[in-house]
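Report on the following structure.
Only the coordinates and a few stated rules stand behind these numbers; no lab work does. Keep in mind that this is a model prediction, so the values were computed, not measured. Glycine also receives a Cβ, built like all others from the backbone with ideal geometry; neighbour counts cover every protein chain displayed.
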Amino acid sequence: MARVLSEALLIELNREGNNGLGAELGKLCLKANLSITHVACALGVTRMAVHSWLRGGKIRAKNEIVVRAFIKLAREDMDEEILPAKSFKASKAYIEEMIGVEI
């Protein structure tokens, strides 16, 4: 499986008190084995924006709605055992199916 997040980011995500929406998204991506690049495409933002959110950066209100919806859908798919993705290719296929567009 492809490594989704850097070691430094993993440490930051798991530090005590880091429980914001960005951290929640990062932890979900880790559990679901989803590539940040693919998640950024699904959310309609840049990869750098997602990395900023994972590190505690502010999420604009319009993006917060989309992030919350994405988290909800991905959690449902984890409950149905559609996720975690087995590979980088499977992560891409999952996101493409979710948004209905080839990335």
Gaussian network model of the chain, springs between alpha carbon atoms under 10 Å - residue of Ala61, Ala49, Ala69 with greatest fluctuation: Ala61
Local charge sum around Ala90 (other residues, Cβ-Cβ under 14 Å, Lys/Arg +1, Asp/Glu -1)? -1
So which residue, out of Val66, Val50, Val39, gets the largest mean-square fluctuation from a GNM of the chain using Cα contacts under 10 Å as springs? Val66
Given charges at Cβ of Lys, Arg, Asp, Glu: the stretch 7-97 dipole, positive-most of His38, Leu73, Ser91: His38
Sorting His38, His51 on the 10 Å Cβ count, fewest up front, what's the list? His51, His38
Need the full-extension length gain, Asp79 to Ala61, defined as separation in residues times 0.36 nm minus the C-alpha distance. One decimal, nm. 3.8 nm
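Could you tell me which GluC sites (Glu not before Pro) in the stretch 16-66 are loop residues by DSSP with no more than 16 other beta carbons within 10 angstrom of their beta carbon? Can you show the working numbers first?
Working: sites: Glu16, Glu24, Glu64; in loops: Glu16.
Filter output for the stretch 16-66: Glu16.
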Other residues with Cβ under 14 Å from the Cβ of Arg47 give, with Lys and Arg +1 and Asp and Glu -1, a net charge of +2
